[in-house]
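See structure below.
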Amino acid sequence: VRVCRARVGDLVSLTDGRGAHARAEVGSLRPHVVARLLDLDRAPEPAPRWIACGVPEGERADWMVEKLAELGVTSFQPVDATRAGWRFGQSRLERWCRLTRAALGQSRGRHLMEVLRPVRIESWLETAEGVAGTRWVGDAEGRRPGNPDPLVGRAWAGLVGPSPGFDERELRVIEARGFHAIRLA
């Protein structure tokens, strides 16, 4: 009502973040918003698209979380690396969850991105072995994804390093776990 300046008679889109999408007509605004459901459908669960990321430079983490959610990433996993670790508390997790909900509405998506607490890179790599599909790590020297993009519509697990990069030991472990380098820019 406040942000979108909804009025009686307006059509709105609604989602539960778990695949449902509805159209509704606003019937009243006070004392509570009441809307009449016009139609409802459900989308199947998308293929897992999981991003693990080290600490970005400066204050870019909020922006990154918002854009990943808008792009349809299904899970965001912050990872601590040797050269940089997340300073993380409950307030940051709550903020990122609010950002993902706002991004879901902005993108008119159907599935809410899961935001997880930070773990060590080695722990995430063990978990990621269970993800079927493509495994990639962002690297300026990596290959281009190709055309058509092999990541579109498929399951994948992606890894982006912290701003100072991964150390040599971490890079060897990442490669040994089946992650191939792709250029993101």
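The values are calculated or read from the model by the stated rules, or taken from the named source; none is laboratory data. All values derive from a computational prediction rather than experimental measurement. For neighbour counting, all protein chains shown are included, and Cβ atoms are generated from backbone atoms with ideal geometry for every residue, glycine included. Side chains are part of the model used for accessible areas, which takes the heavy atoms of the whole protein and leaves out ligands, DNA and RNA. Shrake-Rupley method; radii C 1.70, N 1.55, O 1.52, S 1.80 Å.
Taken together, the criteria exclude residue 31 from residues that are assigned to a loop (DSSP other than H, G, I, E, B) and surrounded by 15 or more Cβ atoms within 10 Å (Cβ to Cβ).
Of everything in region 135-159 that is closer than 21 Å to residue 60 by Cβ and open to solvent by less than 40 Å² (accessible area, probe 1.4 Å), the residue that is modelled with the lowest pLDDT is 142. Within region 15-27, does at least one residue satisfy the condition of being under 16 Å from residue 111 (Cβ atoms), in contact with a helix residue (DSSP H, G or I) (Cβ under 6 Å, 6 or more places away or on another chain) and in a strand (DSSP E or B)? Within region 15-27 (the criterion being under 16 Å from residue 111 (Cβ atoms), in contact with a helix residue (DSSP H, G or I) (Cβ under 6 Å, 6 or more places away or on another chain) and in a strand (DSSP E or B)), the answer is no, since none of the residues qualifies.
In region 19-28 there is no residue that is more than 30 Å from residue 139 (Cα to Cα), polar (S, T, N, Q) and touching a Gly at 6+ places or on another chain (Cβ under 8 Å).
Of everything in region 97-120 that is part of a loop (DSSP other than H, G, I, E, B) and touching a Phe, Trp or Tyr at 6+ places or on another chain (Cβ under 9 Å), the residue that is nearest to residue 15 (Cα to Cα) is 113.
Rundown of residues vs (1) modelled with pLDDT of 90 or more; (2) farther than 14 Å from residue 75 by Cβ, yes/no style:
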residue	(1), (2)
112	yes, no
125	yes, yes
133	no, no
161	yes, yes
169	yes, yes
176	yes, yes
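Among the residues making up region 85-96, those that are part of a helix (DSSP H, G or I) and either on the phi > 0 side of the Ramachandran plot or buried (at least 16 other Cβ atoms within 10 Å of the Cβ) (or both) are 92, 96. Give 165, 89, 178 a once-over and let me know the one that is touching a strand residue (DSSP E or B) at 6+ places or on another chain (Cβ under 7 Å) and small (Gly, Ala, Ser). That would be 178, the only listed residue that is touching a strand residue (DSSP E or B) at 6+ places or on another chain (Cβ under 7 Å) and small (Gly, Ala, Ser).
So if I check each of 66, 57, which one is part of a helix (DSSP H, G or I) and either among the acidic types (Asp, Glu) or exposed (fewer than 15 other Cβ atoms within 10 Å of the Cβ) (or both)?
Residue meeting the stated conditions: 66.
Residue count for region 69-82 under the criterion of being open to solvent by less than 20 Å² (accessible area, probe 1.4 Å) and outside any helix (DSSP H, G or I): the result is 7. Of all residues in region 163-174, those that are part of a loop (DSSP other than H, G, I, E, B) have Cβ atoms under 6 Å from Cβ atoms of residues that are among the hydrophobic types (A, V, I, L, M, F, W, C) and open to solvent by less than 70 Å² (accessible area, probe 1.4 Å), 6 or more apart or on another chain, in 164/84; 166/81. Flag not set for residue 126, criterion: open to solvent by less than 60 Å² (accessible area, probe 1.4 Å) and either assigned to a loop (DSSP other than H, G, I, E, B) or out of contact with any strand residue (DSSP E or B) (no Cβ under 8 Å at 6 or more places or on another chain) (or both).
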